[in-house]
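Q: A single structure is presented below for examination.
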Amino acid sequence: MSEQQAAAVRKPEIAGNTDTSLLKLIALAFMIVDHIGVAFFPGVMEWRVFGRIAMPLYAWCLVVGSEYTRNALKYALRLLILGVVSQPFYIMALGNSWTDLNILFLLCLSVLVIAGIREKRWYSQFWAPALGVLILLFVHVDYGWKGLLFILLLYMSRKSKLGIAGALLAASAFWGMYSFPVTKVFGLQLSFLEGNFLSPILQLFFQMQALMWMALPLILVPMHSNIRIPKWMGYGLYPVHLIALIVVSLILGVPLSYIISSLATL
């Protein structure tokens with residue numbers, strides 16, 4: 001049996017939820033919530049709070065996809081093409097500049113880095129992640145080098161539920177140190193964050209970016225929805241939702257200044 005045939009029949013060892021079609025749809029829903037908050041309700045924190053669930057789900061889907069894919073280059077190419085297509089809409093919908101690249105570029109690079117770790121060609125398990133981090137130190141991509149390290153941490157922990165939970169919680173704690181506190185939700189004060197011996201730990205995990213830990217149950221608990229979406233559609237809905245935001249923006253005229261200022265930089 002050739003190496004390619006062996007890879008085709010090999011069953012990946014993954015401890016978490018492998019129902020990635022469902023997870024991508026859930027991630028898309030929470031990402032839409034997040035971006036609606038950015039575009040239309042910048043002063044309402046709750047939209048951003050629940051939006052924290054999206055990125056970990058996409059990261060986990062990428063880990064699972066990297067295990068199952070038969071061609072990492074094609075996988076990365078799909079993400080690159082969608083990233084390029086999405087970039088103008090990412091700029092107009094959310095008020096970013098041309099030098100701020102969307103998350104699909106991060107996912108594309110992550111696929112290539114994981115492929116390097118898996119292939120171990122010319123010690124690529126060492127230089128591929130180092131090169132990926134180096135690139136992200138000079139190129140501004142959504143979630144940046146911290147996002148890449150988080151995805152790699154998930155990948156290294158993929159065979160153990162305890163490891164996956166530890167990786168996500170560690171990343172949450174790390175990101176919590178670079179964010180601002182969330183002390184109330186829907187007007188309700190989170191009183192349990194103060195006045196007890198667990199307060200320092202709880203407060204760390206209730207920083208805005210740290211709330212990515214809310215995605216943990218969806219990643220750990222197996223689901224069997226039998227939903228199957230085409231390879232392109234999983235991430236292809238990303239530019240679609242940005243276009244929808246732009247259309248709504250033009251209809252309502254709410255954040256039209258974003259679009260005008262973005263077009264002015266062309």
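FYI, it's all coordinate maths here, none of it is from the lab. Here the structure is a predicted model, which means the values were calculated and not measured. Methodologically, a virtual Cβ is constructed for each residue, glycine included, from the backbone with ideal geometry; neighbour enumeration extends over all protein chains shown.
Q: Can you give me the convex hull volume of the Cα atoms of the chain, divided per residue and expressed in Å³?
A: 145
Q: Over the range 124-257, how many percent of alpha carbon pairs lie in each 10 Å bin up to the one with the longest distance?
A: Reading upward from the zero bin: 10, 23, 34, 26, 7, 0.
Q: Send over the per residue convex hull volume for the range 56-128, Cα only, as a whole number of Å³.
A: Each residue corresponds to 95 Å³ of Cα convex hull volume.
Q: Please tell me the relative contact order of the range 15-264 in percent, rounded to the nearest whole number, where contacts are Cα pairs under 8 Å and at least six residues apart.
A: This gives 30 percent for the range 15-264.
Q: Something else: Any idea how far apart S97 and L190 come out in nm if each label point goes 7 Å out from Cα toward Cβ?
A: Placing both labels 7 Å along Cα→Cβ, they lie 3.2 nm apart.
Q: With charges set only on the Cβ (+1 for Lys and Arg, -1 for Asp and Glu), what does the dipole of the chain come to about its Cα centre, in debye to the nearest 20?
A: Around 720 debye, computed over the chain.
Q: Projecting each Cα onto the charge dipole of the chain (Lys/Arg +1, Asp/Glu -1 at the beta carbon, about the Cα centre), which of S225, F89, F30 comes out farthest on the positive side?
A: My answer, from the dipole projection, is S225.
Q: Here is a further query. What does the charge dipole of the range 91-166 about its Cα centre add up to, to the nearest 20 debye, if the Cβ of each Lys and Arg holds +1 and the Cβ of each Asp and Glu holds -1?
A: Rounded to the nearest 20 debye, it is 460 debye.
Q: Here's something else I'd like to know. Using DSSP to define loop residues, name the chymotrypsin sites (Phe, Trp or Tyr not before Pro) in the range 62-115 whose beta-carbon has at most 15 other beta-carbon atoms within 10 Å.
A: W98
Q: Still on this structure, I have one more. Quick one: Debye curve from the C-alpha atoms of the range 1-149, no solvent, what's log10 I(q)/I(0) at q = 0.13, 0.14 Å⁻¹?
A: -0.66, -0.76
Q: A follow-up question, please. Add +1 for every Lys or Arg and -1 for every Asp or Glu among the other residues with Cβ under 13 Å from the Cβ of A128, and state the total.
A: Once all neighbours under 13 Å are counted, the net charge is +2.
Q: OK, next. Can you give the helix-only mean residue ellipticity at 222 nm for the chain, where every DSSP H stretch with n ≥ 4 adds -39500 (n - 2.57) and the sum goes over all residues, rounded to the nearest 500 deg cm²/dmol?
A: Dividing the helical sum by the residues of the chain leaves -21500 deg cm²/dmol.
Q: What are the lysines whose alpha-carbon lies under 30 Å from the alpha-carbon of K231, with same-chain residues fewer than 8 places away excluded?
A: Straight-distance partners of K231: K11, K24, K74, K120, K146, K159, K161.
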